[in-house]
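Asker: Structure incoming, see below.
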Amino acid sequence: MTTRTLLAALLALALVHSKPAHAVESQFDVAPQNSDLVVDQSFDGPLGDRWHINTGAWKVVDGVLQGNEVSADKHAAAARYTVQTDNAVYQLRFKLSDGTKAFHFGFDPAKGELDKKGHLFSVIVTPTGWRIMKHVDKNRRQEDPNEVLASSDAAVQADQWHELRLTTWGPYVTATLDQTQLKTTHPTFGVKKPTLVFRCAGEGVQIDDVKVWNQVK
């Protein structure tokens, strides 16, 4: 590790752990340096074979992906897009409806990367705020429960488009929702991620313009 890289990592560690939200300028659609665009989904046609619907109702309507929870599932609506990422920048636009209880965008750990059962972490958006949460290890629920690492009480208005941009760099995560930013870190986050996970509790989340840039090795 070079001296510059070490200093950058130490500075990031000092800044990101459970850092409160603050206003930032939008970087939406700005391609990061030394990266490849590996996902570019504008939903101009039907979902391709990289999409996997787990629960709920997901369909493309008028050029956007719509997700709704189905009560018979007794589970939030969940869909996954297959793409392996590591250090990367992820972005999307989304719209809540009056019936949306929560929208999740997150990740699973790649098989064999962690001794853990369950999701890795998610950005969770509700009408009353948003947060970054490390998910429970389902094999060790009491020892390793859900943990909110950073949160904002800025309201997220329904029926209007919002921009979400998220950067992962080793164990560090930076998430920007419109002009509000959260930063945090967790030692389990610096693993390979085989899918993008989208979940909706309630009705009427819309998603569009999903892009991912992966770091060039």
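Asker: Quick check on the chain: take the gyration tensor over C-alpha atoms, sort the square-rooted eigenvalues as a ≥ b ≥ c, and tell me if it's rounded (a/c under 1.5), prolate or oblate.
Answerer: Taking the square roots of the gyration eigenvalues as a ≥ b ≥ c, the chain is rounded.
Asker: Can you give me the C-alpha center-to-center distance between region 61-109 and region 139-158, rounded to a whole angstrom?
Answerer: 17
Asker: Taking a cut-off of 14 Å between Cα atoms, list the aspartates and glutamates near K101, but don't count ones fewer than 8 places away on the same chain.
Answerer: Qualifying aspartates and glutamates at Cα under 14 Å: E69, D159, E203.
Asker: Give the aspartates and glutamates reachable from K117 as a straight Cα distance under 12 Å; neighbours fewer than 8 places away on the same chain don't count.
Answerer: D108, D137, D144
Asker: Also, I was wondering about something else. Tell me which lysines have Cα within less than 18 Å of K111's Cα, excluding those fewer than 8 residues away on the same chain?
Answerer: K134, K138, K192, K193
Asker: Dipole size in debye (nearest 20) for the chain around its Cα centre, Lys and Arg Cβ +1, Asp and Glu Cβ -1?
Answerer: Here the size comes out at about 760 debye.
Asker: Further question: Can you tell me the accessible area per residue over the chain, all protein chains present, probe 1.4 angstrom, in square angstrom?
Answerer: Accessible area per residue, the chain: 51 Å².
Asker: May I pose another question? Residue farthest toward the positive end of the dipole of the chain, with Cβ of Lys/Arg at +1 and Asp/Glu at -1: which of L37, W161, T85?
Answerer: T85
Asker: Where Rh denotes the Kirkwood radius from the mean inverse Cα pair distance, what is Rg over Rh for region 43-164? Spell out each step's value before the answer.
Answerer: Numbers: Rg = 15.4 Å, Rh = 16.1 Å.
Ratio of gyration radius to Kirkwood radius: 0.96.
Asker: Another one. Please report the carbon-and-sulfur percent of the accessible area for the chain; probe 1.4 Å, protein heavy atoms only, DNA, RNA and ligands left out. Walk me through the numbers on the way to the answer.
Answerer: Numbers: 5400 of 11150 Å².
Here carbon and sulfur together make up 48 percent of the probe-accessible area.
Asker: I would also like to ask the following. Most mobile of K117, K183, K95 per a Gaussian network model of the chain (Cα springs, under 10 Å)?
Answerer: Comparing K117, K183, K95 in a Gaussian network model of the chain, the most mobile one is K117.
Asker: Moving on. Counting each DSSP H run of 4 or more residues in the chain as -39500 (n - 2.57), what helix-only mean residue ellipticity at 222 nm follows after dividing by all residues, to the nearest 500 deg cm²/dmol? Walk me through the intermediate numbers first.
Answerer: Working: 1 runs with 14 residues, N = 217.
Computed mean residue ellipticity for the chain: -2000 deg cm²/dmol.
The values are calculated or read from the model by the stated rules, or taken from the named source; none is laboratory data. Computed from a predicted structure; not experimentally measured. Cβ: placed from backbone, ideal geometry, glycine included. Neighbour counts: every protein chain shown. We work out accessible area using only protein heavy atoms, side chains counted, and drop any ligands, DNA or RNA first. Shrake-Rupley method; radii C 1.70, N 1.55, O 1.52, S 1.80 Å.
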